[in-house]
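Values quoted throughout were computed directly from the atomic coordinates according to the rules given, and no laboratory measurement underlies them. All of these numbers come straight from a predicted model, not from anything done at the bench. Heads up, the Cβs are rebuilt from the backbone with ideal geometry, glycines too, and the neighbour counts pull from every protein chain shown.
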Amino acid sequence: MNTKFYKKCDASELTEAAETLKNGGLVAIPTETVYGLAANAYNRDAVSKVFEAKGRPTDNPMIVHISKLEEIYPLVTDFPEKAKALAEAFWPGPLTMILPKSDLVPREVAPKLETVAVRMPSHPIARKIIELAGIPLAAPSANSSGSPSPTTAQHVLNDLDGKIDAIVDGGECDVGIESTVITLATEVPRLLRPGGITVDQLESVLGHVDVDPAVVSELEDGVAPASPGMKYKHYSPKAEVYIVEGSLESFKFLIDSEAQEGDMALCFNGEENDIPIPSLSFGDEDNLESQAHLLFAQLRKFDELKAKRVFVRAPSSDGVGLGVYNRLLRAAAFKVIKPTVIYGLTGQTGAGKSTVGQMLSEKGYLIVDGDVAARAVVEKGSPVLEELSEAFGSDILDRNGELIRSALAKKAFATEEARQKLNSITHPAVTKWSIDFIKENLNENHKGVVIDAAAIFDSDIQRYCTKMIVVTAPEEERLARILSRDGLSREAAMLRIKAQKDEQYYKERADILVRNFAPYDLSQELELL
Ligand code: TXA
Ligand code: MG
């Protein structure tokens with residue numbers, strides 16, 4: 001079959017497309033959500049051909065599209081008040097309602113069901129074609145079954161060229177994911193598929209709406225879904241897709257340690273260059289509409305790029321994000337990676353950071369000791385030591401080429417500029433050492449990682465930390481601890497305390513504050529970790 005491609009979308013082209021539909025042909029049409037593969041909803045043969053062209057399982061029912069409200073009455077046996085209120089609020093638009101089906105709707109449209117799905121799209125071309133055809137149009141998304149829904153005419157052509165009569169090119173779809181599907185055939189209205197109309201919007205009209213468990217969880221074997229479409233793996237590129245929860249930092253950490261040939265990432269705008277494997281972005285992190293708009297187009301690109309595995313930054317599941325998350329879960333066949341939590345652990349001198357580190361180690365965390373790391377990177381003959389002696393003079397080394405710490409400290413803490421120089425040489429090496437240490441030592445029994453480092457807020461290792469734990473104690477208490485521990489004079493101990501940033505500085509940067517002083521109980525302070 002030669003698939004016609006209508007690009008002008010003028011009256012004569014749309015009339016021709018409508019004629020084809022009336023005569024039982026299949027035409028892909030643009031809607032505001034995704035492209036639909038339309039057929040005359042009253043023509044059994046035409047509807048059957050849709051299943052064939054898409055390779056769609058024949059038990060997966062279709063949505064019937066109308067252009068005027070009165071067109072719903074022949075399709076349903078009941079149009080309850082709640083449905084009317086929804087239509088009033090959201091039609092035309094990306095909302096599909098499931099209602100009791102009339103006998104006029106052929107069984108092929110909704111096999112084995114007593115209900116029918118109806119939607120009034122807002123796209124002007126879709127509306128015009130329905131109007132010109134003068135019949136409701138049954139239309140699933142115009143993709144090969146299982147692949148991401150098409151949001152451009154080119155996507156449709158890639159999937160269905162030669163299998164359908166025509167494609168009407170109406171440009172990029174605005175919403176980008178399929179309509180919200182809600183059933184009003186149950187006691188309490190129930191969301192079956194999230195989309196452009198959000199749960200909040202539905203509840204603003206209906207009051208409470210149930211969310212079907214299949215929206216965000218995998219159905220157990222043998223459980224029949226409320227919406228047959230929800231049981232299929234869907235929206236998927238050829239690559240294995242993994243959703244990765246957590247921050248960009250933990251995402252990068254995962255990629256750093258896991259990446260193989262053929263791995264790619266799907267991330268948010270602006271993150272592409274930060275991620276060390278080829279990456280595509282799907283919108284702004286805080287603009288959920290932009291993510292919905294781009295998601296399917298980007299998923300399709302991974303096929304062109306021959307990706308083997310795709311790691312996806314998990315989107316927010318608020319508002320329209322629920323629709324995006326729902327599609328990604330299916331693209332990933334529910335493979336969600338929760339990356340290792342990495343805590344930074346710090347505090348002023350004498351606050352009891354090491355004690356806390358010890359307790360967290362007993363709780364099952366892998367502890368990275370910042371002092372050990374700092375010493376390891378300046379071992380005799382190390383590149384860092386070489387750089388330091390170039391920067392600060394070879395008299396920081398003794399005759400054997402070992403670092404004389406006091407000599408380095410004297411020079412490096414003389415001016416702010418010198419201190420920064422020291423940090424710029426040592427910190428990247430300490431970070432790399434720590435990451436390598438984690439990779440070598442972390443196993444599945446660990447609860448997470450704790451990086452114990454006094455100067456963590458100064459260091460670039462903090463970008464790997466999901467959260468910062470700050471241990472606090474009053475100054476008097478800290479002084480007493482230093483005195484009994486380090487055998488310093490009171491003056492020397494005070495100097496050490498005053499050389500550090502004040503308590504406020506630490507508190508402002510803390511995600512978790514641990515109070516290590518009476519009357520608080522340290523194990524209780526750490527209870528949630
Ligand atoms: O935005 C959309 O809804 C697009 C455009 C073309 O309108 N259409 C679309 O159709 O996404 P399709 O067939 O890809 O998805 C329809 C979904 C399927 O998950 C199907 O199982 C469900 O709606 N559905 C259809 N009729 C149903 C019914 N009577 N009861 C429960 N679920 C139904
Ligand atoms: Mg579909």
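Helix-only mean residue ellipticity at 222 nm, the chain, DSSP H runs n ≥ 4 weighted -39,500 (n - 2.57), per residue, nearest 500. What is it?
On the way: 18 runs with 191 residues, N = 529.
Rounded to the nearest 500, it is -11000 deg cm²/dmol.
Which order do peptides 400-410, 208-218 fall in by mean Cβ count within 10 Å, highest first? Intermediate values should be presented prior to the final figure.
Numbers: 400-410: 13.1, 208-218: 15.4.
Highest-to-lowest ranking by the protection proxy: 208-218, 400-410.
With each label point set 7 Å from Cα along the Cα-Cβ vector, what nm distance links Val211 and Asp10?
For the pair Val211/Asp10, the computed spacing is 4.9 nm.
Sort 5-14, 99-108, 117-126, 262-271 by the packing proxy (mean of other Cβ within 10 Å over each peptide's residues), most packed first.
Details: 5-14: 14.4, 99-108: 17.0, 117-126: 23.5, 262-271: 20.0.
Highest-to-lowest ranking by the protection proxy: 117-126, 262-271, 99-108, 5-14.
What is the sum of charges around Ile130, taking Lys and Arg as +1, Asp and Glu as -1, for the other residues whose C-beta is under 12 Å from the C-beta of Ile130? The partial results should precede the final answer.
On the way: positive: Lys22, Lys68, Arg119, Arg127, Lys128; negative: Glu71, Glu131.
So the environment of Ile130 carries a net charge of +3.
Residue separation times 0.36 nm, minus the C-alpha to C-alpha distance between Glu272 and Asp200: what's the value?
Details: separation 72, 0.36 × 72 = 25.92 nm, distance 3.20 nm.
Computed gain between Glu272 and Asp200 is 22.7 nm.
Using the beta-carbon distance between Ala89 and Glu131 and R0 = 30 Å, what value does 1/(1 + (r/R0)^6) give for FRET efficiency, to the nearest 0.05?
On the way: r = 22 Å, r/R0 = 0.74.
The pair Ala89/Glu131 has a calculated efficiency of 0.85.
Starting with the highest mean, order 45-55, 497-507, 291-301 by the number of other Cβ atoms within 10 Å, averaged over the residues of each peptide. Please list the in-between numbers first.
Numbers: 45-55: 18.5, 497-507: 12.9, 291-301: 23.3.
So the peptides 45-55, 497-507, 291-301, ranked by packing, come out 291-301, 45-55, 497-507.
How large is ³J(HN,Hα), in whole Hz, for each residue of region 500-512 in order, when computed from phi with the Karplus curve 6.51 cos²θ - 1.76 cosθ + 1.60 and θ = phi - 60°, using x for Gly and Pro?
Karplus-based 3J(HN,Hα) across region 500-512 equals 8, 5, 6, 4, 4, 4, 5, 4, 4, 9, 8, 9, 10 Hz.
Which loop-located trypsin sites (Lys or Arg not before Pro) does region 315-367 contain, where loop means any DSSP state but H, G, I, E or B and the Cβ has at most 15 other Cβ atoms within 10 Å? Display every interim value, and only then the final one.
Working: sites: Arg327, Arg330, Lys335, Lys353, Lys363; in loops: Lys335, Lys363.
Here the sparse-neighbourhood loop sites are Lys335, Lys363.
How much length is gained if the chain between Leu528 and Asp511 is pulled fully straight, taking 0.36 nm per residue apart and subtracting their Cα-Cα distance, in nm to one decimal?
Values: separation 17, 0.36 × 17 = 6.12 nm, distance 1.28 nm.
Full extension of this stretch gives 4.8 nm more.
Between Val372 and Leu495, how many nm apart are label points set 7 Å from Cα along the C-beta direction?
3.1 nm
Summing Lys, Arg as +1 and Asp, Glu as -1, what charge do residues with Cβ under 14 Å from the Cβ of Asp286 carry, Asp286 excluded?
On the way: positive: Arg313; negative: Glu271, Asp284, Glu285, Glu289, Asp318.
Taking every Cβ under 14 Å from that of Asp286, the sum is -4.
How high is the FRET efficiency between Asp103 and Lys22 when r is their beta carbon distance and R₀ equals 25 Å, given to the nearest 0.05? Show your work: numbers first, answer last.
Working: r = 22 Å, r/R0 = 0.86.
According to the calculation, E is roughly 0.70.
Amide H neighbours of Thr115 under 5 Å, at least 5 residues apart or on other chains, H built in the peptide plane: list them.
Lys101
When only C-alpha pairs under 8 Å and at least 6 residues apart count, what is the relative contact order of the chain, in percent? Don't skip to the end; give the middle numbers.
Values: 1037 pairs, mean separation 68.8, N = 529.
Relative CO of the chain lands at 13 percent.
Evaluate Rg over Rh across region 4-215, taking Cα atoms for both radii and Kirkwood's formula for Rh. Please list the in-between numbers first.
Details: Rg = 15.9 Å, Rh = 16.9 Å.
Result for region 4-215 is an Rg/Rh of 0.94.
If one computes the Cα centroid of region 189-257 and of region 368-446, what distance in Å separates the two points?
47 Å
What FRET efficiency do you get for Asp59 and Glu304 if R0 is 56 Å and r is their Cβ-Cβ distance, rounded to the nearest 0.05? Provide the component values of the computation, followed by the final result.
Values: r = 32 Å, r/R0 = 0.56.
Computed FRET efficiency for Asp59 and Glu304: 0.95.
Enumerate the amide H contacts of Lys4 below 5 Å, restricted to partners 5 or more residues apart or on another chain; note that Pro and chain-start residues carry no placed amide H.
Correct list: Ala166, Ile167.
Only sites in a loop by DSSP and with at most 16 other Cβ atoms within 10 Å count here; which trypsin sites (Lys or Arg not before Pro) in region 206-289 make the cut?
Sites meeting the loop and neighbour criteria: Lys233, Lys238.
Just subtract the alpha-carbon distance of Asp436 and Ser484 from 0.36 nm times their residue separation and send over the number in nm, one decimal.
Working: separation 48, 0.36 × 48 = 17.28 nm, distance 3.53 nm.
Value of the extension gain: 13.8 nm.
Please list, in chain and number order, the residues 5+ apart from Met468 or on another chain whose amide H is under 5 Å from its amide H, with Hs placed from the backbone.
So Met468 has HN proximity to Gly344, Asp511, Ile512.
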